[in-house]
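First the structure, in the form of C-alpha cells, and then the observations on it.
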Amino acid sequence: MFIVLFMMFFIPPNSILLADKLKGVKRLSENDFRPIQENRVKLGRLLFYDKILSGNLNISCGSCHHHSLHGTDGLSLGVGEGGSGIGVKRSSGENNSRIKKRIPRNSPALFNLGAKEISLMLYDGRITFGEEYGNGFNSPAEEWLHEGVENLLAAQALLPMASEFEMAGNTGENEVAGAIYDRIDLGWPIIAKRVRVIPEYGRLFVAAFDDVTDPMQVNISHIANAISEFINFEWRSYDSPFDHYLNGEEDALSSKQRRGMELFFGKAQCSQCHKGKLFTDQKFHAIALPQFGPGRTRIMDPYVRDVGRMGETDDLEDAYRFRTQSLRNVALTAPYGHNGSYITLDGIIRHHLDPINSLENWDSSQVILPEAEWLEDIDFVVLEDRLERERLKSRIDIEPIGLTEEEISELVSFMHALTGTESIWGKLGRPEKVPSGLPVD
C-alpha cells in the first residue's frame with residue numbers, strides 16, 4: 001500500500017524544478033502588445049515595402065526583412081543600398097552601383113517587437129527610453145530625433161533611412177545622402193516630401209492620423225509611426241507548440257521536446273538569459289562569437305572590430321557584450337548571433353556550451369555572404385588579428401557546460417517547439433504594389 005501511495009504522489013525532483021521554473025513563463029497574448037490603429041497598419045504595410053524611403057529609390061525595409069523569409073534576409077551580414085534581390089539570392093551590385101560595405105550586423109527578426117515589455121532596440125541597445133536629449137529617447141539621432149516619434153520601434157525605423165550603407169546611399173549619389181552627411185536628421189524631410197506629394201499616400205495619412213488634415217502636414221514621424229504600427233501588428237507570434245503546452249495541452253510537445261525543455265530550464269542554463277515570455281532578459285552578455293566583416297567600428301577604433309554594447313556606453317565593462325536575442329521562431333531566422341556567425345541551431349548551441357573551443361575551431365564556412373570580391377580581402381581580417389582574438393576571449397560571461405550529443409539534439413528539438421504556425425508568415429503579407437509605383441521586392 002505504501003509503495004502504491006508513493007508512486008501516486010511522488011514527483012521526481014527534476015519535474016518539481018521545471019514546474020517552478022515555468023511559473024514565471026506565461027503565454028503571450030494580445031494584451032502584451034501596444035494597441036494598434038487599423039488605418040495606420042495598412043499605411044505602414046505599404047511604406048514598409050516602398051523603395052521611395054531610400055535615397056536611390058532602390059531598397060525598402062522589406063528588402064532585408066521579407067515576408068518570404070519570416071522578416072529576415074537569411075544572410076549573415078546584410079546587403080544594403082546598391083544590392084538587388086532578396087535573401088541568399090541578393091546580389092552585391094555591380095560597377096558604380098555596387099555596395100561599398102557589408103552591413104556590419106545580422107538583420108534581426110521582427111517578431112513581437114511591439115510587445116509592451118521591450119525596453120531597448122538593436123544588438124547594442126542604442127535605442128532606449130530616456131530624457132538625455134529631451135525627446136523621450138536615447139538614440140543615435142540624439143537631440144535631432146524628430147518630434148512626434150511615439151515608441152521605440154518607430155525610433156528604430158528612422159535609422160536605416162539615415163544610414164549610408166542601409167538605405168540612404170553614398171554621398172553625392174542623391175540629395176538624401178548629401179543631407180545626412182551634414183546631420184543625421186536633414187535627410188528625413190526630403191523623404192517625407194517625396195511621400196506626401198503622392199496623392200494616394202496623402203489620403204492614407206489623412207485617414208490614419210488625427211493631426212494630419214492636409215497631406216502637406218505629413219512629416220517623418222508620421223512615416224515612422226505608421227511603419228512601427230505595421231510591424232507591431234504583422235509580426236505577433238505566440239502560437240507555437242510551447243505556447244499550447246503552457247496553455248495545458250501537454251501533447252503539444254513531443255517527448256524529445258519536453259526533455260529539451262527540461263534541459264533549457266535546468267542543466268543547460270539557457271533560461272538564465274533567455275527568460276520570460278519573449279525568451280530574453282533584454283540584457284547584454286559577452287559570449288566570444290567569432291568576428292568578421294566590417295564590424296560596427298567607433299570613430300576611435302584603429303582597426304576593424306565590433307565591441308558591442310561598449311560602443312554605446314564607452315564603458316570597458318561592456319566590451320563585446322550584445323543583447324540577448326529572443327528565441328521565438330529562432331528555428332526560422334538563421335544565421336545566428338549578432339553577425340550571423342553560425343548557420344545552424346546546433347552550431348550556436350555548441351558555441352554557448354564551450355565558447356573558447358568553439359571560437360578556436362570556427363571557420364568561415366559557417367557564414368552566408370553574397371559574393372563581393374572587392375570586399376573579400378577585409379571580410380575576415382579581424383578574425384586573423386591575434387590580439388583582438390585574445391581580447392575577445394578575455395570577456396566571456398558564460399561558463400562551459402557539458403552536454404551529451406543526445407542532449408544537444410534535444411535542445412535543438414525544443415528550439416523548434418518555439419516556432420509559431422500561421423503567425424510566422426505575418427497577417428497581411430507583402431503588398432503586390434505600392435503607391436510610388438516602384439517595384440516591390
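The values are calculated or read from the model by the stated rules, or taken from the named source; none is laboratory data. Treat the numbers as computed from the prediction; the structure is a model and nothing was measured. Cβ coordinates were reconstructed from backbone atoms using ideal geometry, including for glycine residues, and neighbour counts include every protein chain displayed. What goes into the accessible areas is simple: the full protein's heavy atoms, side chains included, and nothing from ligands, DNA or RNA. Shrake-Rupley method; radii C 1.70, N 1.55, O 1.52, S 1.80 Å.
Quick notes on this one:
- Given their separation in residues at 0.36 nm each and the Cα-Cα distance between them, MET216 and SER254 gain 8.0 nm when the chain is fully extended.
- Measuring nothing but protein heavy atoms, the accessible surface of the chain at 1.4 Å probe radius is 53 percent carbon and sulfur.
- By accessible area with a 1.4 Å probe, ligands and nucleic acids excluded, highest first: order of ASP210, ASP243: ASP210, ASP243
- Tail beyond 25 Å, pair distance distribution of region 325-441 (Cα, percent): 42 percent
- A straight chain from ILE401 to GLU38 at 0.36 nm per residue would run longer than the Cα-Cα distance by 125.9 nm.
- Loop-resident sites, region 335-377, for GluC sites (Glu not before Pro), counting at most 13 other Cβ within 10 Å (DSSP): GLU371, GLU373
- Among GLY172, PHE279, ILE378 the positive-end extreme of the charge dipole of the chain (Cβ point charges): PHE279
- Relative to one another, the C-alpha centroids of region 127-203 and region 237-258 are positioned 41 Å apart.
- Gain on full stretching of the segment that runs from ARG98 to LYS393 - 0.36 nm per residue minus C-alpha separation: 102.7 nm
- Heavy atoms of TRP144: accessible area, 1.4 Å probe, square angstrom to 10: 90 Å²
- For the chain, a Gaussian network of Cα nodes joined below 10 Å ranks GLY78, GLY148, GLY260 by mean-square fluctuation, and the top entry is GLY148.
- Ordered by solvent-accessible area of protein heavy atoms (1.4 Å probe), largest first, the residues HIS222, HIS285 come out as HIS285, HIS222.
- Largest GNM mean-square fluctuation among ASP306, ASP363, ASP377, using the chain with Cα springs under 10 Å: ASP377.
- Within the full protein context, the accessible area of ILE401 is estimated at about 40 Å² for a probe radius of 1.4 Å.
- GLU405 contributes an accessible area of around 120 Å² to the protein surface, as traced by a 1.4 Å probe with all chains present.
- Residue order by solvent-accessible surface for SER365, SER436, SER63 is SER365, SER436, SER63, largest first, with ligands and nucleic acids left out and a 1.4 Å probe.
- Label-reachable residues, region 359-377, where backbone N falls under 11 Å from a point 7 Å from GLU384's Cα toward its Cβ: 377
- Projected area averaged over orientations for the chain, convex hull of C-alpha atoms, nm²: 22.8 nm²
- Accessible area per residue, Å², the chain with all protein chains present, probe 1.4 Å: 45 Å²
- Counting charges near PRO431 (Lys, Arg +1; Asp, Glu -1) among other residues having Cβ under 10 Å from its Cβ returns a value of +2.
- Annotation: region 72-216 has a Kirkwood hydrodynamic radius of 17.0 angstrom, from the mean reciprocal C-alpha pair distance.
- Estimated distance in nm for a label pair at TYR133 and ILE299, the labels positioned 7 Å out from Cα along Cα-to-Cβ: 1.5 nm
- Relative contact order, whole percent, for the chain stands at 22, derived from Cα pairs under 8 Å and 6 or more residues apart.
- Placing +1 on the Cβ of every Lys and Arg and -1 on the Cβ of every Asp and Glu, with nothing else charged, gives the chain a dipole about its Cα centre of roughly 680 debye.
- SER119-THR344 pseudo-label distance in nm [points 7 Å out on the Cα-to-Cβ vector]: 3.7 nm
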